[in-house]
Amino acid sequence: MPILLLLLLAGVLGYFVWRHKTSTLTRNCRWRQDKRMGEWRCTFCGARDPGEDSPRECLRDQQNS
């Protein structure tokens, strides 16, 4: 039983590391799809991203430049 719990813990930690490496979104990123305009908008910073799929990167720094 302890071995099963250790494997489960390792799997959960591995998942968290994988998710952290595949996305740069912060806790403040709130992407909403505007189908009429055909883009995604962040309600926190106002960044815009054209495309069909939900954004996986925070665009806050790119918008301010």
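The values are calculated or read from the model by the stated rules, or taken from the named source; none is laboratory data. As the structure is a computational prediction, the values presented were derived from the model and not from experiment. Cβ placement follows ideal geometry from the backbone for every residue including glycine, while neighbour counts extend to all protein chains displayed.
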Taking the range 3-50 and the residues there that are modelled with pLDDT under 90 and small (Gly, Ala, Ser), the one that is nearest to ASP61 (Cα to Cα) would be ALA47
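Only one of these is surrounded by 11 or more Cβ atoms within 10 Å (Cβ to Cβ) and without any contact (Cβ under 8 Å) to a residue 24 or more places away in the chain: ARG32, ARG56, ARG19, ARG41. Name it.
Exactly one of ARG32, ARG56, ARG19, ARG41 is surrounded by 11 or more Cβ atoms within 10 Å (Cβ to Cβ) and without any contact (Cβ under 8 Å) to a residue 24 or more places away in the chain, namely ARG41.
Rundown of residues vs (1) among the aromatic types (Phe, Trp, Tyr); (2) in contact with a Phe, Trp or Tyr (Cβ under 6 Å, 6 or more places away or on another chain); (3) part of a strand (DSSP E or B), yes/no style:
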residue: TYR15; (1), (2), (3): yes, no, no
residue: ARG19; (1), (2), (3): no, no, no
residue: TRP40; (1), (2), (3): yes, yes, yes
residue: ARG56; (1), (2), (3): no, no, no
Note on GLY46: of the conditions (1) on the phi < 0 side of the Ramachandran plot; (2) not in a strand (DSSP E or B), unmet is (1)
